[in-house]
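The values are calculated or read from the model by the stated rules, or taken from the named source; none is laboratory data. Bear in mind that the values here come from a model prediction, so they are computed numbers and not experimental data. Counting neighbours? That spans all protein chains shown, and the Cβs are built from the backbone with ideal geometry, glycine included. Calculation scope for accessible area: heavy atoms of the full protein, side chains included, ligands and nucleic acids excluded. Shrake-Rupley method; radii C 1.70, N 1.55, O 1.52, S 1.80 Å.
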Amino acid sequence: MKVIFKIWRQENAASKGNFESYEVDGLTKDMSFLEALDHLNELLVSINKRVIAYEYDCREGICGQCGVFINGRAHGPHDHMTTCQLHMRSFEDGDTIVVEPWRASAFPIIKDLVVDRSALDNIIEKGGYISAKTGTAPEANAILVGKELADKAMDAAACIGCGACVATCKNSSASLFTAAKINHLNSLPQGKQEASKRVLEMTRQMELEGFGSCTFTGACEVECPEGISILNIAEMNARRTKAKWLG
Amino acid sequence: MFFRKSIIALTGLFLCIFLIVHLSANSILVLPEETARSLYNSYSTTLRESPLIKIVAYVLYLSIILHVVYALLITINNRKAKAKGYRVNQYKENSSWTSQNMGLLGISILLFIVVHLANFWARIKLGMGEGVGLDANGHVDVYEVTYSLFQNGYYVVFYTLLMVPLGLHLHHGLKSAFMTLGFYHKRGLRTIAKVSLVYAIIMAVGFGVIPSIVFLK
Ligand code: HEM
Ligand code: SF4
Ligand code: FES
């Protein structure tokens, strides 16, 4: 299998950057997309060229490191999938594959396809946790949580922080990410104590980081590998209004 | 931004209610000539003389101004948040064109509102341009203003075409407003999405056909 990769190359945050084309032969349909990029990098090493920087860790869809924009879609052509779960069989022999880094003013480019997603960490620092004494794990049945609530919290907790929602959003809004974190904790008894503070501070930090505001295009929930529902954003808005006016 | 977005949603919903009232009243215009003239003129005189309607009118002006100003500010801020876009972007695979272009649609509506106010409000309320006569009942002949405007084919086309962006804007705006204001009930939102579609079609088609009917009278 042969494809033409058209990849964004940028030396560092300050440099301008541009697309470079690479014709890559000897790929197979069973290779993952990242393996195809590895293959291209080996070719670059063999001719003494600087390799392409891109991120990954688990390569099984759980760490959230691997996001890039592929042929106009976050994480490639499929809905609800990470880049590392994408395989070359999703492309045709001879295809041109355009690969771009996540674009958002809050995600400055570090190098090539690698962007700095610290802005998401800064949101988490404002309340994406519960304040509790650590120690041995508490008895599991000490705090009872209904099945429906547990499922709902778990669905929101599935967010892997990949940033695809920000990347695909025309406003670079981090609302889906932030809503997932807030709803996960605020719907559980353990998160209730700091619920109001959490929603107010995390949403405020989201704005301070330079993310845009949500206009409900719905692109995020389609590209989100975990299928986090956009209803979470509406729910976050409700929680925020409640916290603001009723404390 | 949350405050601004909520104001956009609240004023947007108020404008949506206004449109229902406005369309209901305007449907008088399609009645036979003499009935339409006397009914429409007495309706508009009643409105103009009611102190309550005066207040509602100011709320309406304020709503339009707040909606437009905050929408523009939010849109500018959102553009800043995405300083650089993608070379290739297949956004149509994950969202509707309408939802991606609310600002553009809004500006088209604004253009419409300016022309519309110049045609009617400026002439009737501000007394600009040609004077407006009285009908047989002694009411200000607003019907005649409408009738004479829509004898001009260009205005008919303009008023009809500009209802397309209005319909699109309402289709996304109505359901978006509910979510902005924190309504997150899944089945309820599915109903609201359907209602938004029906509402948008009724408004766009309703307002859109009236000029042609008046033209053909
Ligand atoms: C009859 C007139 C109008 C009605 C009924 C209307 C209605 C609405 C509604 C219900 C929303 C949804 C608010 C939300 O998402 O929370 C909205 C959003 C918006 N409107 Fe309007 N609107 C009107 C005129 C305008 C005008 C004249 C502009 C001009 C600039 C405009 C620009 C916008 C923008 C930029 C948004 C935000 C869009 C987004 O969510 O992406 N609208 N409108
Ligand atoms: S909400 Fe979905 S798309 Fe956004 S960061 Fe979390 S997992 Fe990624
Ligand atoms: S590398 Fe971990 S999610 Fe893709």
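When only alpha carbons of region A:11-53 are considered, Rg and Dmax amount to 12.1, 37 Å.
A:Thr82 sits among other residues whose Cβ lies under 13 Å from its own Cβ, and their net charge, with Lys and Arg +1 and Asp and Glu -1, is -4. In terms of packing, defined here as the mean over residues of other Cβ atoms within 10 angstrom, the peptides A:20-28, A:170-178, A:209-217 line up highest first as A:170-178, A:209-217, A:20-28. For a straight C-alpha distance cut-off of 19 angstrom, the aspartates and glutamates reachable from A:Lys242 (same-chain residues fewer than eight places away being disregarded) are A:Glu194, A:Glu201, A:Glu207. The Cα center of region A:196-247 and the Cα center of region A:72-118 differ in position by 24 Å.
Each Lys or Arg adds one and each Asp or Glu takes one away; over the other residues whose Cβ falls under 13 Å from the Cβ of B:Gly133, this sums to -2. Please name the residues of region A:133-176 whose accessible area, counted over protein heavy atoms with a 1.4 angstrom probe, falls by no less than 40 Å² between the chain alone and the full protein assembly. At a threshold of 40 Å² (probe 1.4 Å), the residues of region A:133-176 that become less exposed are A:Lys170. Remark: region A:70-82, residue by residue, has Karplus-estimated 3J(HN,Hα) of 10, 6, x, 10, 5, 6, x, x, 9, 6, 6, 8, 8 Hz, where x stands for each Gly or Pro and the curve is 6.51 cos²θ - 1.76 cosθ + 1.60 at θ = phi - 60°. With all protein chains in place and a 1.4 Å probe, the accessible surface of the protein assembly as shown carries 62 percent carbon and sulfur. Pairs of lysine residues in region B:2-216 that meet both criteria, 8 or more places apart or on different chains and Cα atoms under 29 Å apart, total 21. Over all distinct Cα-Cα pairs of region B:1-148, the Kirkwood formula returns a hydrodynamic radius of 18.2 Å. In this structure region A:3-111 gives 46 Å² per residue of accessible area when probed at 1.4 Å with all protein chains present. What separates the Cα centres of region B:120-198 and region A:135-191 is a distance of 43 Å. For region A:118-246, the Cβ-based charge dipole about the Cα centre amounts to some 500 debye (Lys, Arg positive; Asp, Glu negative; other atoms uncharged). Per-residue ellipticity at 222 nm computed for chain B from its helices equals -24500 deg cm²/dmol, with DSSP H segments shorter than 4 residues left out and the rest contributing -39,500 (n - 2.57). Please compute the Cα-Cα pair-distance distribution of chain A with 5 Å bins starting at 0, giving whole percents from short to long. The percentages, shortest bin first, are 1, 6, 12, 16, 17, 14, 11, 8, 6, 4, 3, 1, 0.
Estimated translational diffusion coefficient (Stokes-Einstein, Kirkwood radius over Cα pairs, 25 °C, 0.890 mPa s) of the protein assembly as shown: 97 µm² per second. With semi-axes defined as the square roots of five times the eigenvalues of the C-alpha gyration tensor, the equivalent ellipsoid of region A:118-246 measures 25, 16, 14 Å, largest first. Its Cα centre serving as origin, the protein assembly as shown has a Cβ charge dipole (Lys and Arg +1, Asp and Glu -1) of approximately 1200 debye.
With coordinates expressed along the principal axes, the C-alpha atoms belonging to region A:1-123 extend over 42, 33, 23 Å, beginning with the largest.
When the charge dipole of region B:121-217 is built from unit charges on Cβ atoms (+1 for Lys and Arg, -1 for Asp and Glu) and taken about the Cα centre, the candidate among B:Ala204, B:His171, B:Val214 whose Cα reaches farthest toward its positive end is B:His171. Comparing A:Gly163, A:Gly227, A:Ser131 along the charge dipole axis of region A:118-246, the residue lying farthest to the positive side is A:Ser131, per the Cβ-charge model. Computed on region B:64-205, with alpha-carbon pairs under 8 angstrom and 6+ residues apart, the relative contact order is 22 percent.
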